[in-house]
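Working notes, beginning with the structure itself.
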Amino acid sequence: MCFVVAMCAAIPATAGKIGFLDSEKAIRTVREGQRQLRILDDWANQRSDEFEAIQKRVADLDRDLNAQSAAASAEAIARLERELVQAQRDLEDARRALRRDYEAKQQELLSQVATRVRLVATEYAEANGFDAVVPFDSLPLIYVADSVLITNEVIQLYNDSFPID
C-alpha cells in the first residue's frame, strides 16, 4: 500500500499530462459494445431456458420425493432420491458450463471492442498531449478529478470512428 501511495505521489513530479480511462465503462457504452452485449444477452437467454428446464426437473423430483416419502415403498423412495441426486448434479454441471460458456462468449464478442477502445484512447492521448493514460478500473484510487477522465471523449470518438451499420 505504501508503495502505491509513493508511486502515485511521484507521478505528478515525473510525468506530464495524465489521463484516466474507465475501459469497462467505455466497452459497455460505445454503440458497438452495446450491440455486442445485446447479442450476448440473447445468447444467454436461449441458454437459460435449458438451465431452467433442469432446475424445474430438480424441483419436481424434490416435490415428488417429499409427497411420496410417507406412502411410497423404500425402493421407490430410493429411486427418487437417486434421480434427485443425479438431477442436482446435472444442474450444477449446467451451472458451471453456462458460466464458462458465458465468459467465453463475452470474451469473443467484446475483445474486438476492447482492442478498439485501447486504440481510440491511444490516438486521443497522442492528439491531446497526454504522457500517460491509466486504466481507471485497475488502480485503487480514492479520488480522480473529472478533468483527467477521458472515458466520455473516447466513447464519442469510438462511436464516430466505428459507426454501426
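Points to keep in mind about this one:
- In degrees, nearest ten, helix 151-161 long axis to first principal axis of the chain (Cα): 90
- Computed E for R63/L141 - FRET, C-beta separation, R0 45 angstrom, nearest 0.05: 0.35
- Taking Cβ atoms as reference points and 15 Å as the exclusive limit, the residues near A67 contribute a net charge of -3, counting Lys and Arg as +1 and Asp and Glu as -1.
- Entry for Cα extents along the principal axes in Å (calculated from the structure that is shown) out of (i) 55, 27, 25; (ii) 78, 42, 21; (iii) 80, 48, 20: (iii)
- Sum of side-chain charges, L98 neighbourhood, beta-carbon under 14 Å (Lys, Arg +1; Asp, Glu -1): -3
- Highest-first arrangement of 41-51, 109-119, where packing means the average Cβ count within 10 Å: 109-119, 41-51
- The chain, relative contact order in percent, only Cα pairs under 8 angstrom and at least six apart counted: 51
- Of the solvent-accessible surface of the chain, computed with a 1.4 Å probe and all protein chains present, 53% belongs to carbon and sulfur.
- Summed over the residues of the chain and divided among them, the accessible surface reaches 66 Å² per residue at a probe radius of 1.4 Å.
- Cα centroid of segment 109-143 to Cα centroid of segment 58-108, whole Å: 45
- Other residues lying with their Cβ under 11 Å from the Cβ of L21 contribute a combined charge of -2, Lys and Arg counting +1, Asp and Glu -1.
- For segment 36-125: rounded, prolate or oblate by the Cα gyration tensor [a/c cutoff 1.5]: prolate
- 222 nm mean residue ellipticity, helices alone, for the chain (DSSP H n ≥ 4; -39,500 (n - 2.57); rounded to 500): -26500 deg cm²/dmol
- Lys, Arg +1 and Asp, Glu -1 on Cβ, resulting dipole of segment 11-126 about Cα centre, debye, nearest 20: 480
The values are calculated or read from the model by the stated rules, or taken from the named source; none is laboratory data. Quick caveat, the model's predicted, so the values are computed rather than measured. Please note: Cβ atoms are built from the backbone with ideal geometry, for glycine as well, and neighbour counts cover all protein chains shown. Side chains are part of the model used for accessible areas, which takes the heavy atoms of the whole protein and leaves out ligands, DNA and RNA. Shrake-Rupley method; radii C 1.70, N 1.55, O 1.52, S 1.80 Å.
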